[in-house]
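Below is one structure; the comments refer to it alone.
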Amino acid sequence: MTTTDLLVASLVMVLAAALQSAAGFGSNLVAAPLLMWLDSSLVPGPLVATGTMLVLLMSSRERDGARLTELSWAWLGRLPGTVLGAAALAAVPQRDLRLFLGCVMLLAVVVAAFPTELRITKGTLFSAALVSGFMATTVSIGGPPFALLFRDAEGPYLRGTLSRFFAATSFLSLVALAWSGHFGAEEVRWSLALAPSVVVGFLVGGRLRSLVDEGRTRATVLGISAASAATAIVTALAR
């Protein structure tokens, strides 16, 4: 990767980290396709590593927003969702999965746009996390299925809950990548090179949180989720 490529990748990470820092999720929507286009070695290892760093920073900043008793049910749901996703990958072509799940997610966004009441309970947390784990494993879109549950939540609660949820799952993903030989010395080097950009994006996003918190949480969640679903559908049709 050339110096110019690194500078472009750094700018991408600033934008992606700022989006997630302000909204609570969505960095992969910006970062994953662009980093893959620049250099495939940046995905998934360095992207997961820098994402882990970002959610740890957010967890510290938003520590008063999350409710840990609720998160335990979400973490329980993520594991079987990941296992089911791995099984689906082995049985169904990824293109078909991406197209199907993108359409399902887009339908979910349309339904969620209407004033329907969806309570945050142990059951809905477990179910949303299960779907999140499944989609993260199959099509690399794990944020929207879980975030849609919190579309009417206040900004600090949304960011605090999602950052802690993703902190645990991102760390496990990083361990799995290292164990499987997909996160070695080269990936560590690129992760460290992109780390300052993550910090800058985190700080910029912190300044933008008020834009989300001023009654725009619902619109932000629906907008990012719809964009993620559309990206999945477009990439599936393009293959």
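The values are calculated or read from the model by the stated rules, or taken from the named source; none is laboratory data. Bear in mind that the values here come from a model prediction, so they are computed numbers and not experimental data. Note that we place each Cβ from the backbone using ideal geometry, even for glycine, and neighbour counts take in every protein chain shown. When the accessible area is computed, the model is the full protein with side chains, heavy atoms only, and any ligands, DNA or RNA have been set aside. Shrake-Rupley method; radii C 1.70, N 1.55, O 1.52, S 1.80 Å.
Once a ≥ b ≥ c are taken as the square roots of the eigenvalues of the Cα gyration tensor of the chain, is the result rounded (a/c under 1.5), prolate (a/b larger than b/c) or oblate (a/b not larger than b/c)? The shape class here is rounded. Take every Cα pair under 8 Å whose residues are at least 6 apart in sequence, average their separation, divide by the length of the range 35-160, and the relative contact order is 37 percent.
For the chain, the carbon plus sulfur part of the accessible surface works out to 70%, probe radius 1.4 Å.
The separation of the range 7-71 from the range 175-239, counted between C-alpha centres, amounts to 4 Å. Annotation for R67 and T121: the two label points, set 7 Å from Cα along the Cα-Cβ direction, are 1.4 nm apart.
Give the dimensionless ratio obtained when the Cα radius of gyration of the range 33-158 is divided by 2.2 N^0.38 Å.
1.13
The longest stretch of the chain left intact once loop-based GluC sites (Glu not before Pro) with at most 10 other Cβ atoms within 10 Å are removed from consideration, loops following DSSP, is 1-116.
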